[in-house]
């Protein structure tokens, strides 16, 4: 897919911004993270006969202005989950980038191949910049702040995740106009008690070309 070149990507931080309607979208299929790869024995046992990954498709749009890039993720969700409490979990989403071409998306990276994760959660006021070297290893990383905003309306989430193109640190993906990068998407459905590595995800990396 293409990240459309626009005059001002900052206005697209609003999921309802009219400018998004001029950006083509791609629909990416998602699958549930298999139970047998979960790092917790408790999770493998309790979720053995349960559905993991309730969200099975997400619409993705991307745009940049040469300085900042923004992604709009949209998916159907009958419930708006915004609380994190006992047995209650918020909806969440992230855009994923491989730290190098060898990073596996199915295990969210490997010890020698990081995955950069631009993360939004419905109960947080801003996004988080994370890095993972495998399932269960997500941790914050410095060098680039993630702006994020979500809106739920009529059974559908619209979430924007945005970051400057330039970023310091080896853990942060480098994006350049005219170049192609790989990305993926992952979604957590709070009503299904999804959290951690109980999630939906794109089974493969997708190509993103930033228009010059």
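Since every read-out is calculated from the coordinates, none of them should be taken as a lab result. Please read these numbers as outputs of a predicted model, since none were measured by experiment. Please note: Cβ atoms are built from the backbone with ideal geometry, for glycine as well, and neighbour counts cover all protein chains shown.
Annotations
- Range of Cα positions in region 102-185 per principal axis (Å), largest first: 42, 31, 22
- Taking 0.36 nm per residue of separation and subtracting the Cα-Cα distance, full extension of the segment from residue 76 to residue 24 would add 16.9 nm.
- Here the contact order of region 1-120, divided by its residue count and restricted to Cα pairs under 8 Å and six or more residues apart, works out to 22 percent.
- Ellipticity estimate at 222 nm from DSSP helix runs (n ≥ 4, -39,500 (n - 2.57)) divided over the chain, nearest 500: -500 deg cm²/dmol
- Efficiency of FRET from Cβ geometry, residue 44 and residue 102, R₀ 30 Å, rounded to 0.05: 0.70
- For the listed peptides 27-35, 128-136, a ranking on the average number of other beta carbons within 10 Å per residue, highest first, reads 128-136, 27-35.
- Using R0 = 45 Å, the C-beta based FRET efficiency linking residue 56 and residue 168 works out to 0.80.
- Placing a label point 7 Å from the Cα of residue 17 along the Cα-to-Cβ direction, the residues of region 63-102 whose backbone N falls under 14 Å of that point are 63-73.
- Pair residue 212, residue 176: separation of 7 Å Cα→Cβ label points (nm): 1.2
- Radius of gyration, Dmax [region 2-210; alpha carbons; angstrom]: 16.1, 51
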